[in-house]
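Before any comments, here is the structure.
The values are calculated or read from the model by the stated rules, or taken from the named source; none is laboratory data. Quick caveat: nothing in here was measured; it's all calculated off a predicted structure. Methodologically, a virtual Cβ is constructed for each residue, glycine included, from the backbone with ideal geometry; neighbour enumeration extends over all protein chains shown.
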């Protein structure tokens, strides 16, 4: 790439990602070149990577090539790690598919992780480190955020005692996982659980139980760089994700101390961006629930008119150097 040409933004995501489309549109408006790719395309030979180490001044040199673009790795301005899909290699037998998938994740992934001098939004290793809910709870408490009493246990006696103590208690998954039963896709919602429902089967894995917050509304807070977007979500649902058609949105301002705490929370994990879920209690207090390092926000932009995509584009266009992971 000639020195006079602007450095591109790499966008790693699946093919049908309308949220990424919104950000790319804003980057196009800013005349910032974009190279979009999905790791899954490597299975069909549509994505090619070549990386050289020890061959120049840069830690890594080489290129990434898609059917329409080729970019020098050292020229990357920033990387938007949105919703990439790793290839499954379904055309190979099980052993070969497992081998190829591992080589791709640690080969392509390792090359991308080696990039320096560009901004990651967000770096996948930092996303992973921030994605453990028990760790999130401990950090939130350390940051002075209000959290509901919570227990993580696989002891049914402890779980029943916790539920009896706090009365109304919800169960949450520790990690969303693709799940099928009899060929039907299933999902888990935050839902109330009674002591009678707890049996010996919970011994096979840890479970998260949390005292229900007496809330008047939910709040989703998106942080992009130093910009904080807070949206109040009103509904009659315990878990508002069950029915987006039942939701109404209102832009709100957070207390300064809360905004500062959320910014400090992301700085703790080295994340430029993140989506926080909070519950606004009937007492007026904001109760921290969880962080999604790479949460959905497109529906909030559509519902409020907030230019969240523009905030992402501005940060990616700056391409400020990220600290090595």
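Values as computed for the structure displayed
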read-out	value
Long-range neighbours under 9 Å by Cβ, at least six apart or interchain, first residue outside the structural domain of residue 162 (by TED's automatic domain parsing) and over 24 Å from residue 159 (Cα atoms) within region 180-192, second at pLDDT 75 or above and part of a loop (DSSP other than H, G, I, E, B)	none
Residues located in region 139-157, provided they are part of a helix (DSSP H, G or I) and either farther than 27 Å from residue 273 by Cβ or without any contact (Cβ under 8 Å) to a residue 12 or more places away in the chain (or both)	141, 142, 156, 157
Pairs where the first residue, in region 158-174, is assigned by TED's automatic domain parsing to the domain that holds residue 200 and surrounded by fewer than 16 Cβ atoms within 10 Å (Cβ to Cβ) and the second is at pLDDT 95 or above and assigned to a helix (DSSP H, G or I), C-beta under 7 Å, 6+ apart	164/195; 174/133
Number of the exception - residue 324 against (1) under 24 Å from residue 136 (Cα atoms); (2) at pLDDT 95 or above	(2)
Residue list for region 114-138, filter: outside any loop (DSSP other than H, G, I, E, B) and in contact with a strand residue (DSSP E or B) (Cβ under 9 Å, 6 or more places away or on another chain)	119, 120, 121, 124, 126, 127, 133, 134, 136, 137
Listing of strands (runs of 3 or more DSSP E) fully contained in region 49-94 that carry 1 or more residues being under 19 Å from residue 119 (Cβ atoms) and touching a helix residue (DSSP H, G or I) at 6+ places or on another chain (Cβ under 7 Å)	61-65, 78-81
Per-region count, region 292-316, residues part of a loop (DSSP other than H, G, I, E, B) and under 30 Å from residue 132 (Cβ atoms)	6
Failed criterion for residue 24 (all others in (1) assigned to a strand (DSSP E or B); (2) crowded, with 20+ Cβ neighbours inside 10 Å hold)	(1)
Residue match in region 279-286 (condition: more than 15 Å from residue 139 (Cα to Cα), touching a helix residue (DSSP H, G or I) at 6+ places or on another chain (Cβ under 7 Å) and outside any strand (DSSP E or B))	no
Checklist (1) surrounded by 15 or more Cβ atoms within 10 Å (Cβ to Cβ); (2) over 17 Å from residue 291 (Cβ atoms) applied to residue 230, failing item	(2)
Residues (more than 27 Å from residue 18 (Cβ to Cβ) and loosely packed, with under 15 Cβ neighbours inside 10 Å) located in region 66-91	72, 91
Residue check for residue 246: over 25 Å from residue 140 (Cα atoms) and free of Cβ contacts under 8 Å to residues at least 40 places away in the same chain	yes
Filtered residues of region 57-69 (kept if free of Cβ contacts under 8 Å to residues at least 40 places away in the same chain and farther than 21 Å from residue 14 by Cβ)	57, 61, 63
Test for residue 311: is it surrounded by 17 or more Cβ atoms within 10 Å (Cβ to Cβ) and either on the phi > 0 side of the Ramachandran plot or touching a helix residue (DSSP H, G or I) at 6+ places or on another chain (Cβ under 8 Å) (or both)	no
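Conditions tested, residue by residue: (1) at pLDDT 95 or above; (2) buried (at least 21 other Cβ atoms within 10 Å of the Cβ); (3) not in a strand (DSSP E or B).
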site: 208; (1), (2), (3): yes, no, no
site: 213; (1), (2), (3): yes, yes, yes
site: 216; (1), (2), (3): yes, no, no
site: 221; (1), (2), (3): yes, yes, no
site: 241; (1), (2), (3): no, no, yes
site: 257; (1), (2), (3): yes, no, yes
site: 290; (1), (2), (3): yes, no, no
